[in-house]
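Trainee: A single structure is presented below for examination.
The values are calculated or read from the model by the stated rules, or taken from the named source; none is laboratory data. Owing to the predicted nature of the structure, the values given are computational and were not obtained by experimental measurement. For neighbour counting, all protein chains shown are included, and Cβ atoms are generated from backbone atoms with ideal geometry for every residue, glycine included. For accessibility, only protein heavy atoms count, side chains too; no ligands or nucleic acids. Shrake-Rupley method; radii C 1.70, N 1.55, O 1.52, S 1.80 Å.
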Amino acid sequence: MKWILFLLCVMAGVDNYGQQGKPAQQEAPYKQRPTLPPLELVLPDSNRITKIEFKKQPTLIMYFSPDCDHCIKQMEEMNTRIEDLKRIQIVMVTHQPMPELVQFIEKFKLASQSNITTGRDVKFMLPGFYRIKSLPYFALYDKKGNLITTFESNTKVDKILKAFRKNKPV
């Protein structure tokens, strides 16, 4: 009788232990703080810029790699629609070396676009902040710096514009 009681107690303990499961994975930082990230970029001219210096307008952060085929295709599409994107501040961020970034800027003539800022995330902060799994990665913010939505991988310009319009007229 004692053994049966002992086995029942052990089984009840094992059953309770099994129901605890794994602890829930912590939310990505951008979901915990859905505002512009504490970003610091090094620009091609070696100056630094932080989110404080961003204009108070809708902002698109695009994390990319200059040698990524998907990123190149994305930029080709965005270049054909650059006039539609004029009212959006585009912050293009990479972790790649500056010479590769400069080549990308020259290839797509980005320096002539007043609404586009390009730079290096020298602290490698954004991949962990957004938990980026594929490139290009987009984070859209309203003019107050509040997150609208994110997109991972190639995204049509129309879809980006629609997300901004849905939030507030761009």
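Trainee: When both residues are 6+ apart or on different chains and their Cβ atoms are under 6 Å apart, which pairs have a first residue that lies in segment 115-142 and is free of Cβ contacts under 8 Å to residues at least 40 places away in the same chain and among the aliphatic types (A, V, I, L, M), and a second that is in a strand (DSSP E or B) and open to solvent by less than 40 Å² (accessible area, probe 1.4 Å)?
Mentor: 116/90
Trainee: Being open to solvent by less than 60 Å² (accessible area, probe 1.4 Å), modelled with pLDDT of 95 or more, of a type in the set (Val, Ile, Thr) and under 14 Å from residue 138 (Cβ atoms) is the requirement here; does residue 102 meet it?
Mentor: Considered against the rule, which asks whether it is open to solvent by less than 60 Å² (accessible area, probe 1.4 Å), modelled with pLDDT of 95 or more, of a type in the set (Val, Ile, Thr) and under 14 Å from residue 138 (Cβ atoms), residue 102 comes out as no.
Trainee: Restricting to segment 1-50, what's the tally of residues that are β-branched (Val, Ile, Thr), open to solvent by 90 Å² or more (accessible area, probe 1.4 Å) and modelled with pLDDT of 90 or more? Let's see the steps before the verdict.
Mentor: Looking only at segment 1-50, we keep the residues that are β-branched (Val, Ile, Thr), and these are 4, 10, 14, 35, 42, 49-50.
Restricting the remaining residues to those that are open to solvent by 90 Å² or more (accessible area, probe 1.4 Å) gives 4, 14.
Now restrict to residues that are modelled with pLDDT of 90 or more: none.
So the answer is 0.
Trainee: Next question. Within segment 130-150, is there a residue that is under 26 Å from residue 29 (Cα atoms), hydrophobic (A, V, I, L, M, F, W, C) and in contact with a Cys (Cβ under 9 Å, 6 or more places away or on another chain)?
Mentor: yes
Trainee: Under 7 Å between Cβ atoms, which residue pairs at least 6 apart in sequence (or on different chains) link something in segment 33-50 that is within 18 Å of residue 143 (Cα to Cα) with a partner that is open to solvent by 30 Å² or more (accessible area, probe 1.4 Å) and acidic (Asp, Glu)?
Mentor: What qualifies is 50/40.
Condition check ((1) under 24 Å from residue 166 (Cβ atoms); (2) assigned to a helix (DSSP H, G or I); (3) hydrophobic (A, V, I, L, M, F, W, C)) across all residues:
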| site | (1), (2), (3) |
| --- | --- |
| 56 | yes, no, no |
| 74 | yes, yes, no |
| 78 | yes, yes, yes |
| 84 | yes, no, no |
| 111 | no, yes, yes |
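Trainee: All but one of (1) within 17 Å of residue 155 (Cβ to Cβ); (2) crowded, with 20+ Cβ neighbours inside 10 Å hold for residue 79; state the number of the condition that does not hold.
Mentor: (2)
Trainee: What is the residue count in segment 137-153 for residues that are loosely packed, with under 15 Cβ neighbours inside 10 Å and under 21 Å from residue 95 (Cβ atoms)?
Mentor: Residues flagged as loosely packed, with under 15 Cβ neighbours inside 10 Å and under 21 Å from residue 95 (Cβ atoms) within segment 137-153 amount to 1.
Trainee: A further question follows. Test residue 87 against the criterion of being open to solvent by 80 Å² or more (accessible area, probe 1.4 Å), farther than 23 Å from residue 131 by Cβ and in contact (Cβ under 8 Å) with a residue 12 or more places away in the chain, and give yes or no.
Mentor: yes
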